[in-house]
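Peer 1: I am attaching a structure below and will ask some questions about it afterwards.
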Amino acid sequence: MATQDNLEEAFAGESQANRSYLAFAKKAEGDGLPQIAKLFRAAAEAETVHAHAHLRAMGGIKTTEENLEAAVEGEGHEFKSMYPPFVKEAQVEGNKAAEISFRNALAVEEIHHGLYQEALEAVKAGNDLSGKKIYVCGICGNTVYDEKPEKCPICKAPQGKFSEIQ
């Protein structure tokens, strides 16, 4: 079982490196260092390759229906059990930035839970989702279908902060 534990740890580490490097790339771009940004994005892509290989070796990619069930369960855990105490602790500690980050994530994970539940029902009925545009708020991660809202209902960001996902 040690190898399975190692795969899980490696997957988590590679996944975190990917996300960190993409954030570092945005910072480098903002600092006017496009080649360093490109290096961070290249390394992030390599970390994704590693993470996907570890996830496959763990048996973590199953049928789409099983993957959707896992996503529903994971998102449900996050908004029901994980984030509420995180918000409370951040409030107690007076860490406003963490509180806002946790509150935004909590709200959006509940939305993701519903979106995945809808997708799971479609797959169980033998269907895909209808061809809708999907937009994500670049501030809080809110995910919406069809049209960008004038203002994000979660974080109040303007419509221009939403990006269409291809």
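The values are calculated or read from the model by the stated rules, or taken from the named source; none is laboratory data. All of these numbers come straight from a predicted model, not from anything done at the bench. Using ideal geometry, Cβ is built from the backbone for each residue, glycine included, and neighbour counts are taken over all protein chains shown.
Peer 1: Tell me which residues, restricted to the stretch 122-166, are assigned by TED's automatic domain parsing to the domain that holds Leu106 and among the β-branched types (Val, Ile, Thr).
Peer 2: Val123
Peer 1: Identify, by number, the condition in (1) under 20 Å from the mean Cα position of the chain (by Cα); (2) not in a strand (DSSP E or B) that Ser163 doesn't meet.
Peer 2: The single condition Ser163 does not satisfy is (2).
Peer 1: Among the residues of the stretch 76-97, write down those that are within 18 Å of Cys140 (Cα to Cα) and over 17 Å from the mean Cα position of the chain (by Cα).
Peer 2: Pro84, Phe86, Val87, Ala90, Asn95, Lys96, Ala97
Peer 1: Which condition breaks for Leu120 when tested against (1) under 30 Å from Leu7 (Cα atoms); (2) out of contact with any Gly (no Cβ under 9 Å at 6 or more places or on another chain); (3) surrounded by fewer than 16 Cβ atoms within 10 Å (Cβ to Cβ)?
Peer 2: (3)
Peer 1: Going by the structure shown, is Phe11 surrounded by 12 or more Cβ atoms within 10 Å (Cβ to Cβ), under 27 Å from Leu120 (Cα atoms), of a type in the set (Phe, Trp, Tyr) and modelled with pLDDT of 95 or more? First the steps, then the outcome.
Peer 2: Numbers: surrounded by 12 or more Cβ atoms within 10 Å (Cβ to Cβ): yes; under 27 Å from Leu120 (Cα atoms): yes; of a type in the set (Phe, Trp, Tyr): yes; modelled with pLDDT of 95 or more: yes.
Yes, satisfied.
Matching residues to (1) of a type in the set (Phe, Trp, Tyr); (2) outside any helix (DSSP H, G or I); (3) surrounded by 14 or more Cβ atoms within 10 Å (Cβ to Cβ):
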{"site": "Ser20", "(1), (2), (3)": "no, no, yes"}
{"site": "Lys26", "(1), (2), (3)": "no, no, no"}
{"site": "Phe40", "(1), (2), (3)": "yes, no, yes"}
{"site": "Glu45", "(1), (2), (3)": "no, no, no"}
{"site": "Thr48", "(1), (2), (3)": "no, no, yes"}
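Peer 1: Take the conditions assigned to a loop (DSSP other than H, G, I, E, B), among the hydroxyl-bearing types (Ser, Thr, Tyr) and either closer than 30 Å to Glu65 by Cβ or modelled with pLDDT of 95 or more (or both) and apply them to Ser130. Does it pass?
Peer 2: yes
Peer 1: Inspect all residues belonging to the stretch 23-37 and state whether any of them is touching a His at 6+ places or on another chain (Cβ under 8 Å), farther than 28 Å from Ala2 by Cβ and not hydrophobic (A, V, I, L, M, F, W, C).
Peer 2: Step one: filter the stretch 23-37 for residues touching a His at 6+ places or on another chain (Cβ under 8 Å), giving none.
Within the stretch 23-37, none of the residues are touching a His at 6+ places or on another chain (Cβ under 8 Å), farther than 28 Å from Ala2 by Cβ and not hydrophobic (A, V, I, L, M, F, W, C).
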